[in-house]
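The values are calculated or read from the model by the stated rules, or taken from the named source; none is laboratory data. Being a predicted model, the structure only gives us computed values, none of them experimental. With ideal geometry, Cβ positions are generated from the backbone for all residues, glycine too; neighbour counts draw on all protein chains shown. The area values use the complete protein model at the heavy-atom level, side chains included, leaving out ligands, DNA and RNA. Shrake-Rupley method; radii C 1.70, N 1.55, O 1.52, S 1.80 Å.
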Amino acid sequence: MKRVITFMPEGRTVSVPHGTSVLEAARRAGVPIKTRCGGKMGCLMCKVTQLSEGGLSASGEQERRKLAGLAEQGVRLACQAKVTGSASVEVPENPLKSTVRRLLAKQAEEDDLW
């Protein structure tokens, strides 16, 4: 049975089989999530924030230990979280894209002052 997951802030949605990792679902949706370890929970780069209640598998003890206090804030490792129902997650913005966006916003503010 297919499950639906939405990736924010892009709002991209994809249907995947029950039990697909969030990382794999993101790849299918064309949403880049950085990882160096190939999904082995070694690099901790694939953090996402769960926005909806339910829809993802419960985090395991090892994932909770690796995330320390972030797990209580809804942070999950995309390589470990499995899609079990309808879910929404927030993917951190690419740092370069974020920098460009901030610079453009600052430039727009300065242009409004003139």
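Of note:
- Residues in the stretch 89-114 that are open to solvent by 30 Å² or more (accessible area, probe 1.4 Å) and either in contact with an Asp or Glu (Cβ under 6 Å, 6 or more places away or on another chain) or touching a residue at least 24 places away in the same chain (Cβ under 8 Å) (or both): GLU90, PRO92, GLU93, ASN94.
- Residue count, the stretch 53-85 (criterion: of a type in the set (S, T, N, Q), farther than 20 Å from PRO32 by Cα and in a loop (DSSP other than H, G, I, E, B)): 3
- Options GLU53, GLU61; residue that is free of Cβ contacts under 8 Å to residues at least 40 places away in the same chain and under 16 Å from the mean Cα position of the chain (by Cα): GLU53
- So LYS82, is it surrounded by 14 or more Cβ atoms within 10 Å (Cβ to Cβ), farther than 21 Å from PRO9 by Cβ, touching a Ser or Thr at 6+ places or on another chain (Cβ under 9 Å) and of a type in the set (Lys, Arg): yes
- The condition (being open to solvent by 20 Å² or more (accessible area, probe 1.4 Å), out of contact with any Asp or Glu (no Cβ under 6 Å at 6 or more places or on another chain) and among the aliphatic types (A, V, I, L, M)) is satisfied by just one residue among MET1, MET41: MET1.
- Hits in the stretch 20-38 (condition: among the small types (Gly, Ala, Ser) and either surrounded by 15 or more Cβ atoms within 10 Å (Cβ to Cβ) or within 19 Å of GLY74 (Cα to Cα) (or both)): SER21, ALA25, ALA26, ALA29
- Hits in the stretch 20-52 (condition: part of a strand (DSSP E or B), of a type outside the set (A, V, I, L, M, F, W, C) and under 22 Å from PRO95 (Cβ atoms)): LYS47, THR49, GLN50
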